[in-house]
Amino acid sequence: MNTVRYVHQTRVPTGFPTAQDFVFAEGPLPSVRPGTILVENVYLSVDPYMRQLMDGGWELGAPLEGRAIGRVLESGDTGFQAGDFVFHREGWRTHALVDAADPRVRPVAAFDGVPLSTHLSILGGTGLSAYVGLVTIARLQAGESVFISAAAGGVGTAAGQLAKVLGAGRVIGSAGSAAKVRHLVDDLGFDAAFNYRDGSVTDQLRAAAPDGIDVYLDNVGGDHLEAAIDSLVEHGRIAWCGAIAQYHDAEPPPAPRNLFDINGKRLRMEGFAVREHDHLLPEWTDLVVPHLQSGRVVPDETVVDGFDAVVEAFLGVLHGRNVGKMIVRTAAE
Ligand code: NAP
């Protein structure tokens with residue numbers, strides 16, 4: 001095959017994006033120059049932050065970017081050989097000409113029994129976000145109760161399992177369907193979970209955590225954050241990872257209406273960007289790989305096949321059609 005297929009964004013969406021906001025394009029396969037590597041992408045990551053990029057961060061009519069794992073087809077750099085698997089940032093396309101000197105480009109380590117795709121899920125920025133949120137930001141202690149929103153997603157499924165590994169007391173999750181709620185409790189070891197569509201998040205969290213919570217990992221914002229502030233005990237901590245409930249809104253949400261309780265309960269709320277914590281990736285890898293190999297932690301992923309599926313996979317994340325991390329497989333390993 002001598003062509004590369006890309007995806008372009010065609011317009012800035014109002015509200016939820018649709019497939020009409022994207023177009024597939026193609027061009028000639030680039031030639032390797034010294035210092036570059038030609039990569040065939042095997043796995044692509046589609047993530048909620050890309051919705052924010054659609055509001056002006058991505059150039060219209062240009063190839064989109066994202067995290068990817070690919071196989072080196074041809075190398076113009078002594079650090080990489082044909083056949084190596086590499087992590088890089090030129091996703092949303094079938095092939096990429098990657099600058100080998102880019103510090104974000106790295107060979108992918110192979111761990112016995114651990115799928116390659118996990119380098120985009122639990123072993124990648126998604127799992128690292130769970131680690132940074134619970135350990136670095138919230139400083140979770142053994143025995144403490146944790147609430148995690150969007151718990152059946154990539155960050156959430158990693159965070160719930162990590163909380164258990166760290167010896168958390170009660171681990172509670174919220175998600176958007178009965179099947180996801182069952183999955184959290186039956187398959188991933190959450191102590192309790194509820195469907196936020198079933199009623200007031202505040203009431204459901206109070207029922208799931210009658211003694212309150214010590215830590216909240218927020219992936220959703222809005223009414224979830226208000227509910228967590230309500231249930232947090234004195235000196236509780238909020239690690240604010242994301243606010244997917246408001247990514248499509250032009251106006252900020254009305255909740256949380258109880259922000260002054262942060263003073264009343266002497267809570268600590270801190271946001272973070274995982275890209276500022278890349279140096280913790282080896283530490284996170286060392287911690288989690290033995291648990292992945294023993295089966296105590298499972299890499300939760302929804303893998304869809306084919307480059308044609310990439311736009312629908314991205315839209316699916318925004319609509320909750322994923323369980324665990326959404327990944328697109330574009331070529332065979
Ligand atoms: P994800 O949780 O795998 O996918 C997003 C999930 O959000 C969907 O599956 C959906 O599940 C849920 N959702 C969508 N709209 C919602 C709404 N209005 N209310 C409640 N839930 C909603 O995605 P992820 O990659 O793991 O990211 C999770 C969050 O972390 C996002 O907010 C993301 O922006 C943030 N994040 C931040 C960082 C950082 O550096 N701070 C890094 C990675 C991710 P349901 O079926 O349960 O609704």
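Computed over protein heavy atoms with a 1.4 Å probe, the accessible surface of the chain works out to 43 Å² per residue.
Can you give the FRET efficiency to the nearest 0.05 for TYR49 and ASP249, using r as the Cβ-Cβ distance and R₀ = 25 Å? Before the final figure, lay out the partial values.
Working: r = 16 Å, r/R0 = 0.63.
So the FRET efficiency works out to roughly 0.95.
Bridge orientation summary for the chain: considering DSSP beta bridges with both residues in this region, about 55 percent are antiparallel. Taking a straight line from the alpha carbon of LYS325, these lysines sit under 26 Å away, with near neighbours fewer than eight places off in the same chain left out: LYS164, LYS180. What is the distance in Å between the Cα centroid of region 150-188 and that of region 238-301? Cα centroid to Cα centroid, the span is 13 Å.
What does the net charge come to around ARG139 if you take all other residues with beta carbon closer than 14 Å to its beta carbon, with K and R at +1 and D and E at -1?
On the way: positive: ARG237, ARG268; negative: GLU144, ASP214, GLU270.
Result for the neighbourhood of ARG139: -1.
Applying D = kT/(6 pi eta Rh) to the chain, where Rh is the Kirkwood radius over alpha-carbon pairs, T corresponds to 37 °C and eta to 0.692 mPa s, the Stokes-Einstein value obtained is 160 µm²/s.
From the helices alone, meaning DSSP H stretches of at least four residues, give me the mean residue ellipticity at 222 nm for the chain, per-run term -39500 (n - 2.57), in deg cm²/dmol to the nearest 500. Walk me through the numbers on the way to the answer.
Details: 9 runs with 80 residues, N = 333.
It lands at -6500 deg cm²/dmol.
Write down the Kirkwood hydrodynamic radius of region 125-275, to one decimal in angstroms, obtained as one divided by the mean of 1/r over all alpha carbon pairs. Mind showing how you got there, number by number?
Details: mean 1/r = 0.0674 Å⁻¹.
Computed over region 125-275, the radius equals 14.8 Å.
If you roll a 1.4 Å probe over the chain with all protein chains in place, what percent of the accessible area is carbon or sulfur? That fraction is 50 percent. If R0 equals 51 Å, the separation of the Cβ atoms of ARG89 and ARG266 corresponds to a calculated FRET efficiency of about 0.80.
The values are calculated or read from the model by the stated rules, or taken from the named source; none is laboratory data. Because the structure is a prediction, the values reported are computed rather than measured. No Cβ is skipped: glycine too gets one built from the backbone with ideal geometry, and neighbour counts run over all protein chains shown. Quick note on the areas: whole protein, heavy atoms, side chains included, nothing else; ligands and nucleic acids left out. Shrake-Rupley method; radii C 1.70, N 1.55, O 1.52, S 1.80 Å.
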